[in-house]
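*Asks:* My questions all concern the structure below.
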């Protein structure tokens, strides 16, 4: 396949715009998915969208400039060097007013960890979407050409569709004209982030400007911020100084060089016999950095602090062997760290359990014979046996797996896998799956298990294992609503194929109702699947199933788009749908109001 030499439709990057934003705008202008555009431009497919900002080599930039007839070096201003971020993926913030003015274009400086305010509109940047509470611009959005610019394209794990919130309508977080945060951000924006040889030269200037913000702001400064603005600032400062980031790690190392001098370590650790763990806690530094600094300076390290910790050997043996507590929990209870506990257990000749999940208390605990065999088989030797049993109880109160997943706020696939694991542990089928017309119901083995789980001492064991986070059983109203929804879904769509006139009663299953309402409201339009998806928000796969169902029942007729109708579009033609003559006679007001 020949390489793409030029692109017919071009979009000029805005001043200060990031590479990911520009490519997204170009994909919208060309009316194509972003991954397809990246493939056409022969760019390496990124796993995360930030890699378009921090991971494009120079040869790709020059090829893009040649393909789009841009001046050489123009795209250098749309990326930031990866050594400013390190291994941790950067997070992008946003100014809603800037998004509105630029029609959804994102600035490069919003990716920098020390950018927390917009100096143009004098307000703090939003760190997350106000609706889904996820940071924006994490994964690669695919069908950007079907979404409005400035939308939140996150797809949270507990949802099946994208968030879709218009981020340009988020509430501004204004700052006073002379606020310290705003004045500091104005100076931070003057630091060049391109063309440097060493990131430490940038970090030094950033740290110098952030020095006055390392301690909490004065009460008068905090009093001018509302709760949302204060949380936005606290989250931004916590992220920029996090040791997991490149700048945060450099900043901690520089601070350790200034505080952990040879004289200080000799006085505190060797003379006063303070442990390195105590020094790390008192100085607010990670223990690993303090230990590494002491090793670099050749300081003799005293493990465990001033003197060996004295244990009650009987108590220690009971805690580890009988009670099955972890070494970390025992050290915390004894007021020491893991090392002294591990050394004393070894001295006592106690076999140390392997590190990992198989040494946890839940995996090793055994239930007595008063607990039924099926429950013991489901719980012993697993971390989440009680959770699966409790979810099975809840599951049997609902007619379908989807209803249970919605109530528990978990994915259907994960829930189905948990029930399969539960049935595998017990060795029997626990319930009959729901069919088109029949709800799910417990098997004889499942019915017996439900009776066992309802016994008083079993309920007590379950509550003790799951703690305060146990999900309550659904109430009567919730169960009735789920059964009513299943009954509506199982209804048969009225077949209009062989009818010459409308019947007295029209049956429309609940899942088809939103699409039917839209079609009956726009009876004079010829529609296609992508347009219906944009108008209704119904997932494409679900939409095609509903369209086929309506066509089979005589509500719709379809036709394939002719080649002459799409002279400028390649690929497969669209399928257009129109209401049949009898379906157009159905008045919209007869449809039930619930959707």
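*Asks:* Name the helices (runs of 4 or more DSSP H) wholly inside region 336-425 in which the number of residues that are out of contact with any strand residue (DSSP E or B) (no Cβ under 9 Å at 6 or more places or on another chain), surrounded by 17 or more Cβ atoms within 10 Å (Cβ to Cβ) and at pLDDT 85 or above is 1 or more. Don't jump to the end; show me each part of the working.
*Replies:* Working: elements: 338-347, 361-364, 373-379, 385-395, 401-408.
Qualifying helices (runs of 4 or more DSSP H): 338-347, 373-379, 385-395, 401-408.
*Asks:* Do you know which residues across region 448-475 are in a helix (DSSP H, G or I) and loosely packed, with under 14 Cβ neighbours inside 10 Å?
*Replies:* As a first pass, look at region 448-475 and keep what is in a helix (DSSP H, G or I): 448-453, 456-469.
Hits for region 448-475 are 451, 456, 457, 459, 460, 463, 464, 467, 468, 469.
*Asks:* Among the numbered criteria (1) over 28 Å from residue 199 (Cα atoms); (2) surrounded by 20 or more Cβ atoms within 10 Å (Cβ to Cβ); (3) modelled with pLDDT of 85 or more, which one does residue 148 miss?
*Replies:* Of the numbered conditions (1) over 28 Å from residue 199 (Cα atoms); (2) surrounded by 20 or more Cβ atoms within 10 Å (Cβ to Cβ); (3) modelled with pLDDT of 85 or more, the odd one out for residue 148 is (2).
*Asks:* I'd like the full set of residues that are assigned to a loop (DSSP other than H, G, I, E, B), free of Cβ contacts under 8 Å to residues at least 40 places away in the same chain and either surrounded by 14 or more Cβ atoms within 10 Å (Cβ to Cβ) or not assigned by TED's automatic domain parsing to the domain that holds residue 384 (or both), limited to region 430-446.
*Replies:* From region 430-446, those assigned to a loop (DSSP other than H, G, I, E, B) are 430, 433-440, 443; that's our starting set.
With the extra rule that they be free of Cβ contacts under 8 Å to residues at least 40 places away in the same chain, the set shrinks to 430, 433, 435, 438, 443.
Of everything in region 430-446, those that are assigned to a loop (DSSP other than H, G, I, E, B), free of Cβ contacts under 8 Å to residues at least 40 places away in the same chain and either surrounded by 14 or more Cβ atoms within 10 Å (Cβ to Cβ) or not assigned by TED's automatic domain parsing to the domain that holds residue 384 (or both) turn out to be 430, 443.
*Asks:* Out of all the residues in region 84-105, which are more than 25 Å from residue 203 (Cβ to Cβ) and touching a residue at least 12 places away in the same chain (Cβ under 8 Å)? Spell out how you get there, then give the answer.
*Replies:* Just the residues of region 84-105 that are more than 25 Å from residue 203 (Cβ to Cβ), to begin with: 96-105.
Listed by number, the residues that qualify are 96, 97, 98, 99, 100, 102, 103, 104, 105.
*Asks:* Tell me, which helices (runs of 4 or more DSSP H) wholly within region 152-260 include 2 or more residues that are more than 30 Å from residue 415 (Cβ to Cβ) and modelled with pLDDT under 85?
*Replies:* Working: elements: 180-188, 199-210, 219-223, 227-240, 246-259.
So the answer is 199-210, 219-223, 227-240, 246-259.
*Asks:* Take residues that are over 30 Å from residue 225 (Cβ atoms) and tell me which of the helices (runs of 4 or more DSSP H) falling wholly in region 24-118 contain 3 or more.
*Replies:* Details: elements: 34-40, 51-54, 58-67, 96-101.
Answer list for region 24-118: 34-40, 51-54, 58-67.
*Asks:* If you go through region 304-322 one residue at a time, do you hit one that is closer than 30 Å to residue 82 by Cβ and not in a loop (DSSP other than H, G, I, E, B)? First the steps, then the outcome.
*Replies:* Pass one, region 304-322, residues closer than 30 Å to residue 82 by Cβ: none.
There is no residue in region 304-322 that is closer than 30 Å to residue 82 by Cβ and not in a loop (DSSP other than H, G, I, E, B).
*Asks:* For residue 268, indicate whether it is assigned to a helix (DSSP H, G or I), without any contact (Cβ under 8 Å) to a residue 60 or more places away in the chain and surrounded by 14 or more Cβ atoms within 10 Å (Cβ to Cβ). If you could, list the steps in order and put the result at the bottom.
*Replies:* Values: assigned to a helix (DSSP H, G or I): yes; without any contact (Cβ under 8 Å) to a residue 60 or more places away in the chain: yes; surrounded by 14 or more Cβ atoms within 10 Å (Cβ to Cβ): yes.
In short, yes.
The values are calculated or read from the model by the stated rules, or taken from the named source; none is laboratory data. Everything quoted here is computed from the prediction, not taken from an experiment. Neighbour counts run over all protein chains shown; Cβ positions are idealised from the backbone, glycine included.
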